[in-house]
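Novice: Sending over a structure as structure tokens; questions will come in a sec.
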Amino acid sequence: MPVGLFRVCLLVITAIVNHPLFFPKENGTVPENTEEIIQKMKEREESLRLEQLRLEQEIADQEATQKALEKAAVVVEESKEEKVRWDMWTALSMVIFLLIELWRQDFQEGNWQDIGGEEDDMAVLGKAFKGVALPDKAVLASFYEKRILGTTGDMARMREMVEGFADDLLEALRSVCNRDADMEVEDCMGVGSMYENWRVRKPFVCDLIVPFAPPEPYCFRCQTWCSGDSFPPDEQGYGTIKVCKADEDATGCICDKTKLGEDMLCLLHSQVSSTRPSSEMEDLLCFKNTQYLDADQVMKWFQIAVTKAWNRISHKYEFDLSFSLLDSPGALKIKFKSGKSIAFNLTPVVQYENSDVYFISHFPRSSLAADIPSSTHWFLTFAVYERRFIQLVSKTLPANACHVSCLQILSFLHGKQCSLTGPSGLTNYHLKTVLLHLLQARPSQDWAPEKLEARLQDMLKFLEKCLHEKKLYHFFIGNGKVPAELGFPIVFQRAEPLNLFRPFVLRRNIYRKMVDTFHEMLRNMSALINEYTVHIPLAHTNGIRKEPL
């Protein structure tokens with residue numbers, strides 16, 4: 001009990017002693033500590049406010065970024081949908097284009113040469129013929145007899161004379177050449193209008209081609225645009241000629257195309273045999289540092305060889321021989337003491353495999369030479385097959401058929417027009433190609449001599465159609481209807497048709513000149529024909545009506 005009272009008293013005394021009112025000076029630091037605490041609390045509050053503002057700004061930025069991402073996602077989604085729609089339209093357009101292209105190719109394969117089969121088809125052509133009338137049959141017959149037949153009677157004698165001299169010149173050429181190092185020259189062949197009997201304009205010029213081959217052990221490997229090799233569109237119709245050894249693969253060994261390394265050796269070729277001296281290839285008339293035959297080198301070699309050959313046999317003849325054109329390998333002119341002269345072309349060519357298709361180095365009197373991409377590109381000529389085709393078809397035509405007469409008249413009129421207005425892109429070869437197409441399309445009886453006027457109209461209308469469409473296809477290339485009797489190479493029959501007017505598509509000035517010359521020829525046709533026609537009594541022309549084309 002006393003202990004309990006003592007504890008209570010001790011507790012009361014302790015409480016009274018520790019009360020702050022009894023010792024105010026000792027507890028004077030309490031207010032100062034309170035102000036410091038309040039100041040720290042304000043600073044803390046300010047920092048918290050700044051932190052809150054920062055967090056609010058970050059939240060606002062995140063919300064803006066989120067909205068931008070959502071908007072971008074919407075744009076991407078819309079663009080994807082638009083792209084899908086665009087891709088669908090593009091695919092549909094491509095399908096339509098392919099269908100049209102397939103239809104066009106099928107149409108070409110089946111009908112590209114079936115012109116002239118229907119008279120109604122011809123009726124829609126000939127817009128340029130409005131107001132133009134061909135002379136009647138009597139005037140045409142008189143014109144042909146006087147102007148054409150009267151000037152072509154001596155062609156046979158000229159051909160015989162030129163061929164005999166060319167054979168003698170080539171024989172002398174072989175004798176002056178080194179048989180072990182120089183090219184081997186074969187017999188010449190006559191091609192072109194002089195040997196197809198339709199040349200009408202003077203001076204008469206014989207075109208002879210001379211095949212040549214490299215000396216042993218070399219051979220020519222020919223590559224064309226339709227043989228699987230890649231050729232640009234502007235090089236269609238051309239090919240290259242590679243000079244290699246007879247036992248060498250045309251594609252070459254892989255060691256020529258791959259670096260084997262210093263420690264590896266090809267088992268087929270040594271380093272010495274795989275690398276040919278540049279001088280050796282140049283002696284074989286190749287382009288510098290290549291194995292491809294150079295047309296310019298061939299021209300120089302042939303001109304030098306012809307000059308040496310003429311020096312050997314010149315004492316046998318009483319005339320002079322000279323080159324009429326220096327940019328053609330064999331444009332020769334015979335000059336007699338009487339002042340007369342005879343021109344002929346002796347052009348070196350390379351045979352394509354075992355066919356009568358030839359790579360020709362230069363085209364005399366032709367603008368095609370300016371279009372050759374390079375001197376290693378050679379143009380292919382089908383002149384031998386063209387001559388054979390005309391001879392083959394002529395056997396099935398009526399007597400005195402008018403096909404050659406049509407070509408002669410057109411060639412004469414075109415030549416006269418060019419002499420008045422200047423040359424154009426249209427050539428006699430284009431006129432000949434038109435005739436070849438019509439010969440294949442028209443029945444044999446349509447070429448009877450009395451149908452000269454109608455067939456002449458067909459040729460002019462067909463030519464106008466080709467000029468309008470800028471399409472005149474090569475007769476042999478891509479033509480699956482070539483007679484099997486000709487033995488024409490199948491690789492060219494299966495090739496895409498070659499448009500002879502393709503060079504004029506981008507050359508608008510030349511194309512415009514060509515069309516203007518053709519239209520001008522139509523307008524001047526009657527005047528040109530009447531100029532060379534004898535007077536025909538009126539009684540001969542009564543009952544013959546001039547029908548406009």
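The values are calculated or read from the model by the stated rules, or taken from the named source; none is laboratory data. Note that this is a predicted model, so its numbers are computed, not measured. Don't worry about glycine lacking a Cβ; one is built from the backbone with ideal geometry, like all the others, and counts go over all protein chains shown. Only protein heavy atoms, including side chains, enter the accessible area calculation; ligands, DNA and RNA are left aside. Shrake-Rupley method; radii C 1.70, N 1.55, O 1.52, S 1.80 Å.
Novice: Can you tell which of Leu321, Leu346 is touching a residue at least 12 places away in the same chain (Cβ under 8 Å) and either surrounded by fewer than 19 Cβ atoms within 10 Å (Cβ to Cβ) or farther than 22 Å from Asp182 by Cα (or both)? Full working, then the answer.
Specialist: Working: Leu346 fails: either surrounded by fewer than 19 Cβ atoms within 10 Å (Cβ to Cβ) or farther than 22 Å from Asp182 by Cα (or both).
Checking each option against the conditions leaves just Leu321.
Novice: Six or more apart or on different chains, Cβ atoms under 8 Å: show the pairs whose first residue is in region 450-474 and free of Cβ contacts under 8 Å to residues at least 24 places away in the same chain and whose second is in a helix (DSSP H, G or I).
Specialist: Going by the 8 Å Cβ cut-off, the qualifying pairs are Ala454/Asp446.
Novice: Run down Cys206, Cys188 and say which single residue is touching a residue at least 60 places away in the same chain (Cβ under 8 Å), within 21 Å of Tyr429 (Cα to Cα) and in contact with a strand residue (DSSP E or B) (Cβ under 9 Å, 6 or more places away or on another chain). Step through it out loud before you land on a result.
Specialist: Working: Cys188 fails: within 21 Å of Tyr429 (Cα to Cα).
Criteria check complete, one pass: Cys206.
Novice: Only one residue in Ser444, Ser411 is touching a Pro at 6+ places or on another chain (Cβ under 8 Å), of a type outside the set (Phe, Trp, Tyr) and more than 25 Å from Tyr238 (Cβ to Cβ), so which one is that?
Specialist: Values: Ser411 fails: touching a Pro at 6+ places or on another chain (Cβ under 8 Å).
Of Ser444, Ser411, the one residue that is touching a Pro at 6+ places or on another chain (Cβ under 8 Å), of a type outside the set (Phe, Trp, Tyr) and more than 25 Å from Tyr238 (Cβ to Cβ) is Ser444.
Novice: Would you mind stating whether Leu426 is touching a helix residue (DSSP H, G or I) at 6+ places or on another chain (Cβ under 6 Å), aliphatic (A, V, I, L, M), within 12 Å of Leu500 (Cβ to Cβ) and not in a helix (DSSP H, G or I)? So that I can check it myself, show each step before the final result.
Specialist: On the way: touching a helix residue (DSSP H, G or I) at 6+ places or on another chain (Cβ under 6 Å): yes; aliphatic (A, V, I, L, M): yes; within 12 Å of Leu500 (Cβ to Cβ): yes; not in a helix (DSSP H, G or I): yes.
The answer is yes for Leu426.
Novice: For region 446-480, what are the residues that are surrounded by fewer than 19 Cβ atoms within 10 Å (Cβ to Cβ), part of a loop (DSSP other than H, G, I, E, B) and at negative phi?
Specialist: Scanning region 446-480 gives Ala448, Lys471, Gly480.
Novice: Let me ask something else. Looking at this structure, is Pro398 open to solvent by 40 Å² or more (accessible area, probe 1.4 Å), of a type outside the set (Lys, Arg) and under 26 Å from the mean Cα position of the chain (by Cα)? Give the derivation first.
Specialist: Values: open to solvent by 40 Å² or more (accessible area, probe 1.4 Å): yes; of a type outside the set (Lys, Arg): yes; under 26 Å from the mean Cα position of the chain (by Cα): no.
When the stated conditions are applied, Pro398 does not pass them.
Novice: Right, here's the next one. Check off (1) out of contact with any helix residue (DSSP H, G or I) (no Cβ under 7 Å at 6 or more places or on another chain); (2) open to solvent by 20 Å² or more (accessible area, probe 1.4 Å) for Gly415 and give me the number that stays unchecked.
Specialist: Among (1) out of contact with any helix residue (DSSP H, G or I) (no Cβ under 7 Å at 6 or more places or on another chain); (2) open to solvent by 20 Å² or more (accessible area, probe 1.4 Å), Gly415 violates only (2).
Novice: Just need a number here: residues in region 153-196 that are closer than 23 Å to Lys316 by Cα and charged (D, E, K, R).
Specialist: Going through region 153-196 one residue at a time, the tally reaches 10.
Novice: Now for a different question. I'd like the full set of residues that are open to solvent by 10 Å² or more (accessible area, probe 1.4 Å), touching a strand residue (DSSP E or B) at 6+ places or on another chain (Cβ under 7 Å), in contact (Cβ under 8 Å) with a residue 60 or more places away in the chain and not hydrophobic (A, V, I, L, M, F, W, C), limited to region 215-228.
Specialist: Tyr218, the sole residue that qualifies.
Novice: Another question, if that's okay. Working carefully through the options Arg512, Arg508, find the one that is free of Cβ contacts under 8 Å to residues at least 40 places away in the same chain and exposed (fewer than 13 other Cβ atoms within 10 Å of the Cβ).
Specialist: Arg508
Novice: Counting residues that are under 16 Å from Trp310 (Cα atoms) and out of contact with any Lys or Arg (no Cβ under 9 Å at 6 or more places or on another chain), which strands (runs of 3 or more DSSP E) fully inside region 321-365 reach at least 1? If you could, list the steps in order and put the result at the bottom.
Specialist: On the way: elements: 331-336, 341-351, 358-360.
Output list reads 331-336, 341-351.
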